[in-house]
1. Would you order A:120, B:83 from fewest to most other beta-carbon atoms within 10 Å of each residue's own beta-carbon?
2. What angle, in degrees between 0 and 90 and rounded to the nearest 10, separates the Cα long axis of helix B:25-48 from the longest principal axis of the Cα atoms of chain B?
3. What is segment B:141-287 by shape, rounded, prolate or oblate, if you read a ≥ b ≥ c off the alpha carbon gyration tensor as root eigenvalues and call it rounded for a/c under 1.5, prolate for a/b larger than b/c, and oblate otherwise?
4. How far apart, in nm, are two points set 7 Å out from the Cα along the Cα-to-Cβ line at residue B:229 and at residue A:61?
5. Picking from A:121, A:104, A:56, which is most flexible by a Gaussian network model of chain A using Cα springs under 10 Å?
6. Report, to the nearest 10°, how far helix B:183-202 tilts away from the longest principal axis of the Cα atoms in chain B, using its own Cα long axis and a range of 0 to 90°.
7. Report, as an integer, the average count of C-beta atoms from other chains found within 10 Å of each Cβ along B:78-85.
8. With r as the distance between the Cβ atoms of residue B:237 and residue B:16 and R0 = 22 Å, compute the FRET efficiency 1/(1 + (r/R0)^6) and round to 0.05.
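We did not get these values from a lab; they are worked out from the coordinates using the rules stated. Because the structure is predicted, anything quoted here is derived from the model rather than measured. Note that each Cβ is placed from the backbone with ideal geometry, even for glycine, and that neighbours are counted across all protein chains shown.
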Ligand code: SF4
Ligand code: SF4
């Protein structure tokens, strides 16, 4: 089993609902966030194109943040979710340096924090907060090894990309293009 | 074609717009580790060569600074931690994939070793020193006989420590400026050279200083060669690494790096040392101080610039 998310860049309107939902669900301190919106504007006026991406931790299959953690606080759990155990984390910042996506931040309480794919909700059979709240239904989540999961079906007939594949981390966020 | 990125709803302290999570503590830690490695390496080397008498500062006196440097370095590392009270977690596991982990363990071995080394020379430094307890006296006596074995261990661990100060950075694939294996040898050589500068500064013995200056000139030449190599590597690599190199070739770190590190910290002191060897009268502390300062700036620049570099997507 491997959890993954597909983000439909053609449907996303950049409303930031997922950002707020996450902050509320996970009690993210004010001024911080575990997911965010990137607007990538390319081209020369008047022919410009906008790509909207809801980004978060990629829960990389080959996660450098897990490898470089000196205490084992950063670790991978079932379904390939990368988690941080708060009271094992010494706040050295090595994992923040190692993440090509800048997906981690230093929590004001000292430990490092980031997206958990709402593991506490998955355990109860629910979806992640961001997926549930998205008004355009552009986030698809599930087990990518199950061909009938929401994420697998979303990827089936669409072209997609992952971000910075050359960093070699095997990211698990798929952006539908 | 022009491309612009906007990130909305995100402005995390110390991460946006540029990563700046490591401040002065880490470069200082790397610097002190490098100096300690340099002093230990030469203390070990000249002990094995049986030159304790001729090279007294190198073998006996300079190593007194090593435990101090290491403890200060560890303290700097401690200050860098944001969740300090869990510091001990570093020492409940060994994680070979994490340079931070094996570096912390190396320091755990090196620090007591350097303390014991200095303890065996304490009686020579302070003639009427008294250990007070018989057991301590005997233990120190035992280690005094084992200096040669300790010298080998020191040399080996000094190389590990010196390389580690570079590998700590180069293991981060996500930061293109750091992600080059040359950083290991480069930081090692730089550490050895700053260690030598400390010894030269402390030494009152002309022959000893002469030998050390000669070694230092070679080390500086190697370091300059490695720096050229570093940039050649970057410029022929991927776009992100070319961009990383450009920070030093016209970008915001150009002056700091080339003036303070390369010219004032390496080339100029090497010239002064050569002139001094040729018989010109040059106060020895000038090149020594320049080398020490250059080494410090080098680490600050590398840590700060590295955090700015990143993958583009
Ligand atoms: S996106 Fe970053 S934090 Fe998340 S698993 Fe990958 S490397 Fe680790
Ligand atoms: S900051 Fe915490 S989670 Fe990150 S590498 Fe250090 S100990 Fe591990």
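1. Fewest to most other Cβ atoms nearby, the residues stand as A:120, B:83.
2. Relative to chain B, helix B:25-48 is tipped by roughly 40 degrees.
3. Note, shape of segment B:141-287 comes out oblate.
4. Result for the modelled spin labels: 3.5 nm.
5. Judging by the Gaussian network model, the answer is A:121.
6. It works out to around 40 degrees.
7. So the per-residue partner count for this stretch is 6.
8. Details: r = 26 Å, r/R0 = 1.20.
Between residue B:16 and residue B:237 the formula returns 0.25.
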